[in-house]
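What follows is a set of notes on a single structure, which appears directly below.
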Amino acid sequence: IMYKTSWILNRLIHTHSGVSKHRVSRALLLLQQSAESQIRLWPLHFTLHGILVLVLSSQYIISHVIGEKTLECVPRKRERERVWELCSKCLTRMPVQYVIEEWDFRDLTLKTKPPVVIPRPETEVKNFSDFLDKHGLCVGCGSGAISLSLLRSIPQLRVFALDQSQTAVCLTMENANRLGLQDRLDVHHLDVIKDADVILSKCKPVDFLVGNPPYLLSQDMDTLQTEILGFEDNSALDGLSVICLILALSSKLLTQRVYLELAPYHPPVIQQLIEEMRLGLLYLETRCDLTNRSGSSKKGEYEVI
């Protein structure tokens, strides 16, 4: 049945385009197929609309809707309607992470909401031996991925987190409450550019600073995928000036180290900035992220002069 249905939909896709979209839509909504069959058929519909989406996108959505059921089950009518509703959002180029309103980061499942930047696996670290201190500062908390994963892994840790977006601050607190980590997290709606003095007054000296600050060059913004450019907060993607301010804050707040997730071409730029700004910071090393992209992670240390 699966192969026959796939053949029928493929025939529809290659016939009159104005009619085929409607017929494929009706077939996907009404056919009582297994979840696994729908996972394979939805990409045909995406292709019909000119969107090249991997099979995984429909798998995430269908698995989200049917929950713990096996993929061999036949979704009920309201589940098929829900799959249709969510997959239709993908036709607007909305990222699947926003469509299902949650995403995994390390061992956490976090709520997601546009335009807060989506948690990405490149930001994950393999071990926490460098973070076994008691107080940390997270600049640009977003959904809370970095700060909450650290809190989950290090029971004695406390984190002061901030973000220029009120939506991000609320989302971090929502995720912290869902995970039971709110008692060790202090979240503030502060802009590292506008509120540097407030940050210095509210935040006590910390053992380390972590963050995934804006690192794309302005001229590179137009090359981003529609899913990123159209839905994620551009202010969280564009600009290098905030990194200079983070370095300046680091020299006044840090007792040990700062870790920043940056673009592969940034390490020499950051190293030069540290030398020119004369803040008492020492550039230590560049580490690859989990995709093995050289230079995507930067590690600095506050050196007492």
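Laboratory data are not the source of any read-out in this text; all were calculated from the coordinates shown. Computed from a predicted model, the values in this text were never measured in an experiment. Here the Cβ positions follow ideal geometry from the backbone for every residue, glycine too, while neighbour counts run over all protein chains shown.
On full extension of the chain, what length is gained from D197 through Q272, given 0.36 nm per residue of separation minus the C-alpha to C-alpha distance? Don't jump to the answer; show the numbers that get you there.
Details: separation 75, 0.36 × 75 = 27.00 nm, distance 2.52 nm.
That pair, D197 and Q272, stretches by 24.5 nm at full extension.
How many nm separate the modelled label positions at I51 and D107, each set 7 Å beyond the Cα in the direction of the Cβ?
3.5
How would you rank H266, H49, going from fewest to most other Cβ atoms within 10 Å of each one's own Cβ?
Details: H266 21, H49 14.
If I rank by nearby Cβ atoms, fewest first, I get H49, H266.
Near the amide H of Q256, under 5 Å away, which other amide H atoms are found, from residues 5 or more places off or on another chain, if H is placed in the peptide plane?
The list, which skips near neighbours in sequence, is Y302.
Each residue of segment 155-164 in order: what ³J(HN,Hα) in whole Hz does its phi give by Karplus 6.51 cos²θ - 1.76 cosθ + 1.60, θ = phi - 60°, with x for Gly and Pro?
Values per residue, Gly and Pro as x: x, 8, 7, 10, 10, 9, 10, 8, 7, 6 Hz.
Among 154-160, 283-289, what's the highest-first ranking by average C-beta atoms within 10 angstrom per residue?
154-160, 283-289
Provide the net charge surrounding H188, with neighbours chosen by a C-beta distance below 12 Å and charges set as Lys +1, Arg +1, Asp -1, Glu -1.
For residues surrounding H188, the net value is -3.
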